[in-house]
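The values are calculated or read from the model by the stated rules, or taken from the named source; none is laboratory data. Values in this document were obtained by computation on a predicted structure and should not be read as measured data. We place every Cβ from the backbone using ideal geometry, glycine too, and count neighbours over all the protein chains shown.
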Amino acid sequence: SALSSLLALPAAPRWLRQVHGTGVAQFGAAATNAEPPEADAAVAHEPDTVLAVLTADCLPLLVCAEDGSEIAAIHAGWRGLAAGVIERGIESLHAPREKLLVWLGPAIGADSYEVGAEVRDTFVAQSAHNAAAFTPTRPGHWHCDLYALARRRLAAFGVVRVYGGGFDTLADARFYSYRREARTGRFASLIWIDGVAAGAPALR
């Protein structure tokens, strides 16, 4: 494919049919012409298996074991985040959680993501501490910090080596944003185990 050639990928990306849920797809290195599975997280343990998630305001997470033995790519909109898609993806990896590294990719920023009571109430019902991720804007509305919510969930799950974040897809014209323009593209976050580099994770 054009993307594989442009980025010199070792194989074609393994796409998902993302549905804002908690499904996890397991991929091997063998190529397949099957339809993309319905899932919002993908896991691989074999070299040169390229995992991909598509986003345009939602939060992409790329995960790898410290020794490069396994990887995951996770798509987390607010519904998937609240439902536990991060935890389901992490659970599908074998490495101890303290041996995992997580990168938080470009998502809508805390100063741009205004939400209503449904979103805030959902997270606050799960933990009163989540209220700190919401800042009032106008009656019945709050700015929501997806990065803070994701970091809190990762920490509660024993994953503390978390990097990235600090993006704002709505404010930064380099990125696609559904909220900025409803008819827009999606950008891909990719990760794979580099077979040439003896198990070193690679991400784009």
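Numerical summary
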item	result
Options 84, 89, 116; residue that is of a type outside the set (Ser, Thr, Tyr) and more than 19 Å from the chain's Cα centre (by Cα)	116
Only listed residue being touching a residue at least 24 places away in the same chain (Cβ under 8 Å), under 14 Å from the mean Cα position of the chain (by Cα) and under 30 Å from residue 47 (Cβ atoms), chosen from 149, 154	154
Boolean, residue 89 is touching an Asp or Glu at 6+ places or on another chain (Cβ under 7 Å) and within 22 Å of residue 42 (Cβ to Cβ)	no
The range 141-175: number of residues that are surrounded by fewer than 16 Cβ atoms within 10 Å (Cβ to Cβ) and in a loop (DSSP other than H, G, I, E, B)	9
Boolean, residue 79 is within 18 Å of residue 55 (Cβ to Cβ), at pLDDT 95 or above and surrounded by 18 or more Cβ atoms within 10 Å (Cβ to Cβ)	no
Residue in the range 51-64 that is touching a Gly at 6+ places or on another chain (Cβ under 9 Å), among the acidic types (Asp, Glu) and farther than 28 Å from residue 110 by Cα present	no
Cβ pairs under 7 Å, 6+ apart, first in the range 4-30 and more than 28 Å from residue 78 (Cα to Cα), second aromatic (Phe, Trp, Tyr)	10/192
Some residue of the range 122-136 being among the β-branched types (Val, Ile, Thr), under 30 Å from residue 11 (Cα atoms) and outside any loop (DSSP other than H, G, I, E, B)	no
Helices (runs of 4 or more DSSP H) completely within the range 1-101 that count 2 or more residues being in contact with a helix residue (DSSP H, G or I) (Cβ under 9 Å, 6 or more places away or on another chain)	78-83, 85-91
Scope the range 42-57; condition buried (at least 22 other Cβ atoms within 10 Å of the Cβ), touching a residue at least 60 places away in the same chain (Cβ under 8 Å), touching a strand residue (DSSP E or B) at 6+ places or on another chain (Cβ under 8 Å) and closer than 19 Å to residue 20 by Cβ; matching residues	51, 52, 53, 55
Filter pass, residue 189 being on the phi < 0 side of the Ramachandran plot, in a loop (DSSP other than H, G, I, E, B) and touching a residue at least 12 places away in the same chain (Cβ under 8 Å)	no
Residue selected from the range 58-75 under the condition more than 17 Å from residue 99 (Cβ to Cβ) and touching a Ser or Thr at 6+ places or on another chain (Cβ under 8 Å), by the criterion surrounded by the fewest Cβ atoms within 10 Å (Cβ to Cβ)	60
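Yes or no, residue by residue, for (1) buried (at least 22 other Cβ atoms within 10 Å of the Cβ); (2) farther than 26 Å from residue 178 by Cβ; (3) charged (D, E, K, R):
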site	(1), (2), (3)
6	no, no, no
35	no, no, yes
40	yes, no, yes
94	no, yes, no
